[in-house]
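Below: the structure, in C-alpha cells.
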Ligand SMILES: Nc1nc2c(ncn2[C@@H]2O[C@H](COP(=O)(O)OP(=O)(O)OP(=O)(O)O)[C@@H](O)[C@H]2O)c(=O)[nH]1
Ligand SMILES: [Mg+2]
C-alpha cells in the first residue's frame, strides 16, 4: 500500500482543521471562526482503500507576540520537516497579501532543505465566483513551483476526493504505521479539553479567544460514564466575567454543548463540571504552557 505523512500548513483561519475533519469524516480537530484556534500538532490517520495517510494539522503561521504563539509557530515549522508532502493552504476569498507571501516564503525554506513536494490548496472556493480563482493561482505560481494546485472547499468537501487521489499518487509504497481503528493520537483528556475550548471560543469575541485555555482537573471513567472536572483558564478578571456570562449562562451553555459532543465522540455518558480560573500572564509562562500541553 501507499503510506506517508502530510503536513497541513497555512495562515490562521484558512480552514486547515476543517480539511482534516472532512478527510477523516470525524471531528478530531476543533474549528472556529477566530484565528489561532489550533495550538498544537494534531495527528489524524486516513485509512483509504490502498493507502494509509497520516495527516498533521498545525497551528497557523503568524507573527508571534506571546511565548504561546512562538511555540505554536515553531510547532508548525517543525511539522513541515517531519512530513513527506506539504499541503499549503490559502483562501480564495482574498488576493495574496503580505501574510500569505511570508507563509509561502517559510514553506520555500522548509522544502529547499528536504526537496519535498508541496501542493497549493486554494480553500473556500464555495464563497467566490470561479473567475476569481485563476488569477489567484497565477499569482501563487509565481511564488513557488507547486507540485499540484487544487482549488477546493474543506467545508462542503468539493474536490477533496480529487485532492486525496493526487496525494496517494505522490506517496511511496510502505508498511502501514497505524492499526485500522486508530484515527488520532490525542488522548480522551486532550479531546475533552479541546472540545470545551471550542465551545467557549464560539461564544466570545475580541481578545478573549486568545486568552482562553482549558485544563482537565479530573477525568474518571466508571463503566460507560466519564466524570470530568475542567478549568477554563483566562488571563484577566474581566475575561472571567465574560466567560461566565450573566447568571452563568454563557459557561453553562458552553458546558452543555461540550458534553453533548463528548458523549457522541466517546460513546459514553459524561458528567461535566466547569470552573473558570484567572492565571495572569499564562501565555508567557514556560511552565504553565507546558502543563497546558502547549
Ligand atoms: N465557507 C467556507 N468556510 C470554511 C471553509 N473551510 C473552513 N471554513 C471556515 O473557516 C473558519 C476557520 O476554519 P478552521 O478550520 O478553524 O481554520 P484553521 O486554518 O484550522 O485555523 P487555525 O487553527 O486558527 O490556524 C471556520 O469558521 C470554518 O468553518 C470552506 O471551505 N468554506
Ligand atoms: Mg486549526
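Derivation of every value follows stated rules applied to the coordinates shown; laboratory data play no part. The structure displayed is predicted, hence computed values, not measured ones. Methodologically, a virtual Cβ is constructed for each residue, glycine included, from the backbone with ideal geometry; neighbour enumeration extends over all protein chains shown.
Quick one: what do you get for segment 2-173 if you divide its Cα Rg by 2.2 N^0.38 Å?
Compared with the compact-globule rule of thumb, segment 2-173 sits at 0.95.
Just grab the label-to-label distance for residue 275 and residue 81, each label 7 Å out from Cα along the Cβ direction, in nm (one decimal).
3.9
Roughly what % antiparallel, to the nearest 5, for the DSSP beta bridges in segment 1-122?
Taking every DSSP beta bridge with both residues in segment 1-122, the antiparallel ones total about 30 percent.
How high is the relative contact order of the chain, in percent, with contacts defined as C-alpha pairs under 8 Å that are six or more residues apart?
The normalised contact order for the chain reaches 18 percent.
For the chain, what mean projected area does the convex hull of the alpha carbons give, in nm²?
If you wrap the Cα atoms of the chain in a convex hull and average its projections, you get 15.8 nm².
Where does helix 249-266 land angle-wise versus the long Cα axis of the chain, in degrees 0 to 90, nearest 10?
60
For residue 268 and residue 112, calculate 0.36 nm times their separation in residues minus their Cα-Cα distance, and state this gained length in nm to one decimal.
Taking 0.36 nm per residue and subtracting the Cα distance, the gain is 51.5 nm.
Relative contact order (percent) for segment 2-173, with alpha-carbon contacts under 8 angstrom and 6 or more residues of separation?
Relative contact order comes out at 25 percent.
If I take every Cα pair under 8 Å that is 6 or more residues apart in segment 100-165, average their sequence separation and divide by the length, what percent do I get for the relative contact order?
Answer for segment 100-165 is 37 percent.
When only alpha-carbon atoms count, how far does segment 177-294 stretch along each of its three principal axes, as whole angstroms with the largest first?
So the three principal-axis extents are 45, 34, 23 Å.
Based on the alpha-carbon gyration tensor of segment 114-157 and its eigenvalue square roots a ≥ b ≥ c, which shape applies: rounded if a/c is under 1.5, prolate if not and a/b is larger than b/c, or oblate?
The shape class here is oblate.
Could you check what % of the DSSP bridge pairs in the chain are antiparallel, to the nearest 5?
Here the share of antiparallel DSSP bridges comes out near 35 percent.
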